[in-house]
Amino acid sequence: MRRLPPKADILPIVRDGWPFILVSAALTIGFFVLRWNWAGAVLFVFTALMVNFFRDPERTVPADPRIVISPADGKVVQIVDSPASSPLGPGSRQVSIFLNVFDVHVNRAPIAGTIVDVAYNKGAFLPAFDDKASLKNEQNRVTIADGDFRVAFTQIAGLIARRIVFRKKVGEHVGLGERVGMIKFGSRTDIFLPREVVLDVKVGDRVKGGLTPIGRRP
């Protein structure tokens with residue numbers, strides 16, 4: 001996922017965040033010029049939160065090709081057998097990661113391979129930690145294949161989020177841990193794994209996109 005140079009070299013900000021940050025910063029300055037200091041102070045804090053939310057830090061992706069890496073920062077809130085609607089079919093497992101507003105919201109490819117399917121579904125906006133969010137919320141499901149090995153992940157909007165960003169297309173190759181998109185504001189990411197993947201995480205663990213192994217191929 002490209003970032004805007006040269007500003008992105010100074011502040012690692014994903015390009016989708018600059019409109020929010022610049023408008024908020026301009027209003028902050030305007031309120032201070034007008035001596036509406038209380039409003040300026042509130043907007044200053046809001047601008048700082050926007051900078052924090054849209055940050056896009058560099059990550060050194062592990063070199064082991066056997067690993068399935070976390071597609072998102074956040075907390076593992078659920079590990080279950082995948083539902084019947086799973087893109088990998090029966091027998092697969094689902095690991096759900098909840099992202100709060102202080103987490104990095106850039107999504108990364110969990111494996112290296114070719115994108116074989118992208119399915120967007122416009123839905124509701126339940127809180128992302130709600131189990132029903134995986135079924136009812138706005139979401140974008142992506143399947144990546146490395147030969148016969150497939151992994152899928154779903155970008156799920158939360159209560160506040162209103163836009164899912166995905167920058168790749170079917171047929172494109174992605175590298176392990178490569179930036180592929182983001183979910184604006186609170187959200188959730190579900191990853192679907194074949195049964196043979198040995199899990200490296202448990203419920204309650206904190207994970208980082210592009211860094212933390214979710215599991216390993218046998």
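Taken together, the values in this text are just the output of simple stated rules run on the coordinates, not laboratory data. All figures in this text were calculated on a predicted structure; none of them were measured in a lab. Every residue, glycine among them, receives a Cβ derived from its backbone with ideal geometry; neighbour counts consider all protein chains shown.
Quick notes
- Computed over region 7-53, Cα set: Rg, Dmax in Å: 11.2, 33
- Sites Val198 and Asn52 - FRET efficiency at Förster radius 45 Å, r taken between beta-carbons, to 0.05: 0.85
- You can think of it this way: the chain between Trp36 and Arg167 has 43.1 nm of extra reach, that is 0.36 nm per residue less the Cα-Cα gap.
- Three-way shape label, region 67-216, alpha-carbon gyration tensor, a/c 1.5: rounded
- Structural descriptor for region 67-216: relative contact order 35 percent, calculated from alpha carbon pairs under 8 angstrom and at least 6 residues apart.
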